[in-house]
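The values are calculated or read from the model by the stated rules, or taken from the named source; none is laboratory data. Everything numeric here is computed off the predicted structure, so don't read it as measured data. So basically every Cβ, Gly included, is an ideal-geometry build from the backbone, and we count neighbours across all protein chains shown.
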Amino acid sequence: MSKFEELGVGKKFVKGLNDLNIITPTEIQKKVIPILIKSNTDLVGQAQTGTGKTAAYGLPLLQKVNAGQNKVQGLILCPTRELGQQIAKQLFKFTKYSAKIFTEAVYGGAPIERQLAALKRPTHIIVATPGRLIDLVKREAVDLSHVKTVILDEADEMLSMGFKTELDEILGYTSSAENKWLFSATLPHGIKEIVNDHLAAEAVRIEVSDQNVVNKNIEHQYLICEEKDKLHALLQFLKKEGTNRGVIFCRTKVSAKKLAQQLQARNIAVGAIHGDLMQKERDKVMRAFKNESSQLLVATDLAARGIDIEALSFVVHYQLPDKDEYYTHRSGRTARAGKKGISLSLISSYETKQIRFYEKTLHISFNLVNHGI
């Protein structure tokens, strides 16, 4: 099946997809869309960031919504404000030619009053971060009793951010929903618990095979250097990349701040996002990166949740991540929408065993590059 119509997507939505130049379904879309459109079901989909998950669940959800009924019928839970805004924007674009389906994004770190006012308008779908949704339910600003479809997007990221209790609570509110769809790049123990506790025993399981969990268009590279030579190696790589844009990952807030300062001191247009930033500062950094007034972003794993910027040429792992699954999340920031990208790890010689581990568990191969890159 190479066309969205063949998957069961309605003509008006296909017209919206064509406008966005989304013509050929991705692997996860081919596998998931026909199942979700055809019937009511619970589903667990394993797919990394950047594989087209939003359309994979968004199109079936939009087709299930009755636009004439002014009730919240769909609920999408996601880890961050940025991802929530991005999902809502995407659904809006899909409905360009269809009956008006209204989506509202609600999230923490923003004034709740504005969200309370927005929810008084007709709303068919709510995209929410778990904490803010519970707050709104307790204020009786959201009625979830008519929700037919609940979607957990990037479930493993919500778990690693400590939202397990909130997810259990929300899934308790929506236990009568006819469809519960969970999407996750990895399936750690906590996700399996959620699936066992809240999804039907016969839930459909779709795994984009291991070989495809990490995007095939990413070239994985590693460079061995001493800690003191890392900055030089990074600068050489950036020089080679010219005006290309990318994200550089650090493990800690302190490292991210320090590296951003070192790059800024060399007149490189770079922003940094980490846990110490106020939401307003974070928004400012992300705005500058999105409108390309900064070329690079230095980020920690937690702060980078939900980042989705088109046309990133590379990701640099200035420090390898704490958790193995973060490598997949980090690398998935590049090579989006069929483009190619580089994922470069700057490592010490004793970290080569970690690279071998990634090769084995993620079914990818790394190329060793030299100091001059």
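Worth pointing out:
- Odd one out for Ala99 among (1) surrounded by fewer than 22 Cβ atoms within 10 Å (Cβ to Cβ); (2) in contact with a helix residue (DSSP H, G or I) (Cβ under 7 Å, 6 or more places away or on another chain); (3) aliphatic (A, V, I, L, M): (2)
Matching residues to (1) assigned by TED's automatic domain parsing to the domain that holds Ala141; (2) at pLDDT 95 or above; (3) of a type outside the set (Lys, Arg); (4) more than 28 Å from Leu159 (Cα to Cα):
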position	(1), (2), (3), (4)
Ile22	yes, no, yes, yes
Lys30	yes, no, no, no
Gln48	yes, no, yes, no
Gln63	yes, yes, yes, yes
Asn66	yes, yes, yes, yes
Gly74	yes, yes, yes, no
Leu77	yes, yes, yes, no
Lys89	yes, no, no, no
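- When Ala288, Ala311 are checked against the criterion of being out of contact with any strand residue (DSSP E or B) (no Cβ under 6 Å at 6 or more places or on another chain), more than 22 Å from Cys78 (Cα to Cα) and among the aliphatic types (A, V, I, L, M), Ala311 stands alone in meeting it.
- Looking only at residues in the stretch 117-151 that are of a type in the set (Asp, Glu) and touching a helix residue (DSSP H, G or I) at 6+ places or on another chain (Cβ under 9 Å), the one that is surrounded by the fewest Cβ atoms within 10 Å (Cβ to Cβ) is Asp143.
- Boolean, Ala337 is within 26 Å of Lys53 (Cβ to Cβ), out of contact with any helix residue (DSSP H, G or I) (no Cβ under 8 Å at 6 or more places or on another chain) and modelled with pLDDT under 80: yes
- Check on Pro60, surrounded by 24 or more Cβ atoms within 10 Å (Cβ to Cβ) and within 29 Å of Gly109 (Cβ to Cβ): no
- In the set Ala47, Ala105, Ala55, Ala67, only one residue is on the phi < 0 side of the Ramachandran plot and out of contact with any helix residue (DSSP H, G or I) (no Cβ under 9 Å at 6 or more places or on another chain); that residue is Ala67.
- Residue count for the stretch 181-196, restricted to those that are farther than 13 Å from Glu157 by Cβ and of a type in the set (S, T, N, Q): 1
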